[in-house]
Amino acid sequence: MRVRLKNIKKAYKGRLVLNIEELTFESGMIYAIQGSNGSGKTTLLRIIAGIEAPDSGEVVFQGDDGAGRRQIAYMPQKPYIFDMTVMDNVLLGIRNMSCDSKLALEALRKVGMESFMGQNGKKLSGGEAQRVAAARTLVLGRKLVLLDEPASSVDVCSMRLIEEYIREANRKSGATVIFTTHNPSQAARMANESILIENGTIKDKGEPSRLFKTLADKEPKVYAGMRDGEDCLYA
Amino acid sequence: MENIFLSLREAWRLIVSFDNEIYGIIALSLIVSVLSSALAGILGMPLGILLGSRDFAGRRAIIRVVQTLMGLPPVVAGLMVYMLLSRKGPMGSLGLLFTPSAMIAAQVLIVLPVITGLTAAAVKLKSQSVLETCKGMGLGRLKTMLVLVHECRYPVISAFMAGYGRAISEVGAVMLVGGNIQYETRVMTTAIVLETGKGNFERALALGVILLLLSFSINWFMQRFQEDS
Ligand SMILES: Nc1ncnc2c1ncn2[C@@H]1O[C@H](COP(=O)(O)OP(=O)(O)OP(=O)(O)O)[C@@H](O)[C@H]1O
Ligand SMILES: [Mg+2]
């Protein structure tokens, strides 16, 4: 699904936190949104997901039978796990609950959480919760997948699993994926294109490794030792 | 000290004597309070969920009113129902004054704001993250509401219990609209008032102890519906 943002503005208490004139996400691509804390990444995803309404401007969905917002899956930055088993958390979003327990189990396996399936979701650790949240979002097979820092608090092995699952969702159902991250290597590993936002506006956009270099040139000390690309450390 | 001991003994004697009047009073207390909190719950829980999860014009104003009414003195609620049901009142022809129905009506008025207000506050705490997550998963309206209720079930049950507690313990409203008529509208709290007035402190305190025991056992039973117990 193709997504176009036109003249999106959003202010909180008079402070403009998002101001995007024009931004297009092409169908079937993976996008990484980068930027410092408070730059507006979450706000942007929430507006695309329809959780929040922009003060002005519009979000247009194109292609894929015009189902629009019903084709969206969105994973919030702070995952909320329902007070039910891990398995039920995943099953909840799947339409046909009785037939799809295999599908749900498969999703849990992909994030390494299958052994928790019968456990209550409220008792999970922070990283475990994030993995379950990723599984229950990606299992839906939607055409537009919005992930707000989907692997920000997981160990490196789980990060690899989540990344692999995201790629698979993109490959298998041709989903457009937009995720935010504070991990430049992850952006470089995953994305076709990186978008850098600062104070709510788009600062840069393009090849992730080029963005990586631009950022690294500006803050050489911070980026020292970090590498971009498929072979880099999961750091 | 001796007094308390005597009344505890009297309480025990009353319980085991299967005194018809006492059991009638206990039964009526329970029936009136359970029915009034059930009715208030049927109305108040959905209202509270609505107030706690939706944003609409006038929501804040309604919450203010509900919060104010949470402290409504029972006698005032009783007075309102009394005026409605008294012979010259707008619903006087129903002849409901000094019947258990009138007592239930007055208690609904007292309990409804309590259940509504506490439910709204509980739902408000969780609604944003629950609704956002449900929407992110593309759940429909009905499923989203069911999930929200599921996530808030413990505090909502607590809200109901708080309402029930207020109903069974109040005396002003049932006294006013019930009239404390023997064998008809006498409940535990009004009986306590009466016995105290007559100087029968043992009997009064005995009823108080029974009331307390009753609350205790109901709370004990309800614990199994509470979180992490
Ligand atoms: N509901 C709100 N009310 C007031 N201010 C808000 C609200 N939501 C967000 N903001 C402000 O808007 C700005 C952008 O927030 P946003 O959550 O989009 O940042 P972010 O880029 O996701 O940050 P992070 O990297 O920390 O997740 C922040 O300064 C934040 O304080
Ligand atoms: Mg954020």
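The values are calculated or read from the model by the stated rules, or taken from the named source; none is laboratory data. Keep in mind that this is a model prediction, so the values were computed, not measured. When we count neighbours, we look across all protein chains shown, and the Cβ atoms used for this are built from the backbone with ideal geometry, even at glycine.
Descriptive notes on the structure:
- Qualifying residue in region A:32-45 (condition: hydrophobic (A, V, I, L, M, F, W, C), more than 16 Å from ligand 2 (Cβ to nearest atom), closer than 23 Å to A:E163 by Cβ and touching a residue at least 12 places away in the same chain (Cβ under 8 Å)): no
- Among the residues of region A:83-122, those that are away from every other protein chain (no Cβ under 14 Å), of a type in the set (A, V, I, L, M, F, W, C), within 25 Å of A:Q71 (Cβ to Cβ) and assigned to a loop (DSSP other than H, G, I, E, B) comprise A:C99, A:V111.
- Residue under evaluation A:I47, criteria (1) more than 14 Å from chain B (Cβ to nearest Cβ); (2) within 16 Å of ligand 1 (Cβ to nearest atom), criterion not met: (1)
- Test for A:K41: is it under 30 Å from A:K122 (Cα atoms) and within 14 Å of another protein chain (Cβ to nearest Cβ): no
Results for (1) under 15 Å from the mean Cα position of the chain (by Cα); (2) over 22 Å from B:S33 (Cβ atoms); (3) of a type in the set (F, W, Y); (4) at pLDDT 95 or above, shown as yes or no for each residue.
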{"site": "B:I115", "(1), (2), (3), (4)": "yes, no, no, yes"}
{"site": "B:L118", "(1), (2), (3), (4)": "yes, no, no, yes"}
{"site": "B:V123", "(1), (2), (3), (4)": "no, yes, no, yes"}
{"site": "B:M161", "(1), (2), (3), (4)": "yes, no, no, no"}
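- Scanning region A:21-34 for residues that are within 16 Å of ligand 1 (Cβ to nearest atom), polar (S, T, N, Q) and surrounded by 16 or more Cβ atoms within 10 Å (Cβ to Cβ) turns up at least one hit.
- Where A:V17 falls short, out of the listed (1) under 19 Å from the mean Cα position of the chain (by Cα); (2) within 13 Å of ligand 2 (Cβ to nearest atom): (1)
- Flag if B:T144 is without any contact (Cβ under 8 Å) to a residue 12 or more places away in the chain and assigned to a helix (DSSP H, G or I): no
- Total residues in region A:172-183 satisfying the condition of being more than 16 Å from ligand 2 (Cβ to nearest atom) and either at pLDDT 95 or above or surrounded by 23 or more Cβ atoms within 10 Å (Cβ to Cβ) (or both): the figure is 3.
- Any hit, region A:141-163, residues being basic (K, R), free of Cβ contacts under 8 Å to residues at least 12 places away in the same chain and either farther than 15 Å from A:V177 by Cα or more than 16 Å from ligand 2 (Cβ to nearest atom) (or both): no
- Tally, over region B:103-159, of residues that are among the polar types (S, T, N, Q) and within 14 Å of another protein chain (Cβ to nearest Cβ): 5
- Pairs with Cβ under 6 Å, 6+ apart, first in region A:11-31 and in contact (Cβ under 8 Å) with a residue 12 or more places away in the chain and of a type outside the set (A, V, I, L, M), second in a loop (DSSP other than H, G, I, E, B) and surrounded by 12 or more Cβ atoms within 10 Å (Cβ to Cβ): A:N19/A:G200; A:S27/A:M1; A:S27/A:G63; A:G28/A:G174; A:Y31/A:A191
- Spans of helices (runs of 4 or more DSSP H) in region B:1-92 with at least 3 residues within 27 Å of B:S215 (Cβ to Cβ) and polar (S, T, N, Q): B:20-53
- Within the set A:A129, A:A187, A:A133, A:A175, the sole residue that is within 14 Å of chain B (Cβ to nearest Cβ) and touching a residue at least 60 places away in the same chain (Cβ under 8 Å) turns out to be A:A175.
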